[in-house]
1. Please go through the residue pairs B:Lys142/B:Lys211; A:Lys284/A:Lys326; A:Lys206/B:Lys269; B:Lys87/B:Lys110; B:Lys86/B:Lys113 and name each one whose alpha carbons sit more than 19 Å apart in this structure.
2. Give me the number: length gained by fully extending B:Glu309 to B:Lys81, i.e. 0.36 nm times residue separation minus the C-alpha to C-alpha distance, one decimal in nm.
3. I want to verify the translational diffusion coefficient of chain B in µm²/s; compute it with Stokes-Einstein, Rh as the Kirkwood radius over Cα pairs, at 25 °C and 0.890 mPa s.
4. Grab the beta carbon distance between B:Ala320 and B:Leu207, set R0 = 22 Å, and tell me the FRET efficiency rounded to 0.05.
5. Suppose only helical runs count, i.e. DSSP H with n ≥ 4. What mean residue ellipticity at 222 nm does that imply for chain A under -39500 (n - 2.57) per run, divided by all residues and rounded to the nearest 500 deg cm²/dmol?
6. Along the charge dipole of chain B, Cβ charges K/R +1 and D/E -1, which of B:Gly321, B:Ala102, B:Val156 sits furthest on the positive end?
7. On the first, second and third principal axes, largest extent first, how far apart are the outermost C-alpha atoms of segment B:126-276 in Å?
8. Nearest 20 debye, what's the magnitude of the dipole of segment B:126-276 about its Cα centre given +1 on Lys and Arg Cβ and -1 on Asp and Glu Cβ?
Protein chains: 2
Amino acid sequence: MTINRQIHIVELPKDKLGPQHFRLAEAPMPQPKDGELLLKTKLISLDAANRAWMQGATYRAAIEAGQVMAGGAIAEVIEAKAPGFKKGDLVFADTGWQEYSALAARTAQKMPKVEPLSYLLSVYGIAGLTAYHGLLNVGEPKPGETVVVSAAAGSVGAFVGQIARIVGCRVVGIAGGEKKCAWLKSELGFDAAIDYKAQAVGGALKLAAPKGIDVYFDNVGGDILEACLFRMNMHGRVSCCGAVSQYDGAAPAHGPRGIPGLLVTKRLKMQGFIVMDFNDQRDKALADLQNWVKSGQLKVPEDIIDGIENTPQALIGLLAGDNIGKRMVRVA
Amino acid sequence: MTINRQIHIVELPKDKLGPQHFRLAEAPMPQPKDGELLLKTKLISLDAANRAWMQGATYRAAIEAGQVMAGGAIAEVIEAKAPGFKKGDLVFADTGWQEYSALAARTAQKMPKVEPLSYLLSVYGIAGLTAYHGLLNVGEPKPGETVVVSAAAGSVGAFVGQIARIVGCRVVGIAGGEKKCAWLKSELGFDAAIDYKAQAVGGALKLAAPKGIDVYFDNVGGDILEACLFRMNMHGRVSCCGAVSQYDGAAPAHGPRGIPGLLVTKRLKMQGFIVMDFNDQRDKALADLQNWVKSGQLKVPEDIIDGIENTPQALIGLLAGDNIGKRMVRVA
């Protein structure tokens, strides 16, 4: 009998997420019902959103204790009991953190075969598309404008900064640590980088963005959002992608100072989005991303960890900022 | 010699604004220089923004102690030393709180003669235009949607709710006191009203806006903005017009909880604006407002106080929510 290794969440964190909130379990292979697919997980996507889901219902139902941890992955179809799919197909689906899953076929998205496979989770996956749509469609940068992105060395931020450069903007990244900041400039071509662990962000922005900020792509919320708001230019745009500073703790804290006062004074637009909002523009986005990757304009930083048993630590580390680029776990 | 009575601001308030921050003074008639107009103040506009200007630079320079209090007014041209103006013309200008002023003609906006004159400060002035553009161009309400407006019995809010009704929305007003709430429903046709002094706004919104909020027109910021954010529908819009809850005190407090988390989860847009941003659409707006007033669809609540010496108390009372409709002081 094939064993299905799984990571269960045993208790929802009240504060910081730790290894004690997870356990490795073994279950029998699931059996697909009519309309379902039996999937073998290949690459699990690790995202700050995994932690946000533990805080309550968001754009998906809240995660519950005692169950397999939720999460998206690239998986291979082992058995198809639904039309339109066949053995060997690749899909993206919310398989959860387990080796095998049986899911309704309508919840699985068929994926092309690309080399390397990991690009389906990074540049051609949620990370790349989120960066693309959130920057271009929500932030609406114009050539010559200044774009600032937080969590700049993370999966989304690294693409945001590079795409902003491609469309002709000055790009400032905010990241934690000297190593990430040096890497943003030398490897990804950012014009400037601010180490928020070593510098006061507000003061550093005066030097790094001397003409003010036109577009701020916000992955973190909290104090860094506040510092950026005070440096926004008139009619600036804040693309709200996430609030990772608020996820790994209790209920959300109060928002940044100056909201909504600064929004009025500076006539700012702050807009939240998630990548699915732009599904209708997916083909155009993928075509652009593919062209930029082929031409070498867009580098694809990835951080791949082996072994499903390491998934909890991979997420805990991601929330602490350990990763550079898109983090994922290779299962098979 | 004609005497020019003025209200000076003697000290900037560190906390709540009071009568001790003002004094009545007398000065000689100003003499207009080349390029200037000598103006006689007729109606002074009272706005929560007067108080916000005391907190620091906004879309205008901060107010300074020891000077005539700043403020817009309808005034009559007594002497014109600039082309394009003549004695007897009506203008809107930042005359300050005084009977006579000499101002650069380029800072004065010529006004048509309408009856009553006060409509130039209410429905055809900043209040009416702010409501029109902030609701229709920023909030973008669609027929059948639910619009919530705070400070609903105030100068802008009273127009916002009525215009939202005109364009086919369900309208909920938030105001302080039973009297204002009853008036919003009986006189202005609001579908529901919430007395924030007597009810918890979050709970009351569940009843008053059972299908959630699509557009929230925010005049107040703070806790009421927070309560509305939690009741917004997916892809809702927050039109940020002001934050009167934050003006009459020290520096701005932290923002509402859930920013930017809720903006992401619900894909909300929060956008600040001021009326001048829509100057290019002024004629269309005025034509619509005039038609609605003529047809009786749009009522024009006004609250006129006589005597320049009463201007400080008129502003202090406005910040406490004493007024119903647009408050102004008749000087001459």
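Here, each number is a calculation from the coordinates, and none is a lab measurement. Just so we're clear, the structure is a prediction, and the values are computed from it rather than from any experiment. Quick reminder, even Gly has a Cβ in these numbers, built from the backbone with ideal geometry, and neighbours come from all protein chains shown.
1. On the way: B:Lys142/B:Lys211 14 Å; A:Lys284/A:Lys326 22 Å; A:Lys206/B:Lys269 27 Å; B:Lys87/B:Lys110 12 Å; B:Lys86/B:Lys113 14 Å.
Violating the 19 Å limit, Cα to Cα: A:Lys284/A:Lys326; A:Lys206/B:Lys269.
2. Details: separation 228, 0.36 × 228 = 82.08 nm, distance 2.92 nm.
Fully extending the segment from B:Glu309 to B:Lys81 adds 79.2 nm.
3. 120 µm²/s
4. Values: r = 27 Å, r/R0 = 1.24.
Computed FRET efficiency for B:Ala320 and B:Leu207: 0.20.
5. Details: 9 runs with 78 residues, N = 332.
Dividing the helical sum by the residues of chain A leaves -6500 deg cm²/dmol.
6. B:Val156
7. The Cα atoms of segment B:126-276 stretch 36, 35, 33 Å along their principal axes.
8. Values: 15 positive and 11 negative charges, 77 e Å.
Rounded to the nearest 20 debye, it is 380 debye.
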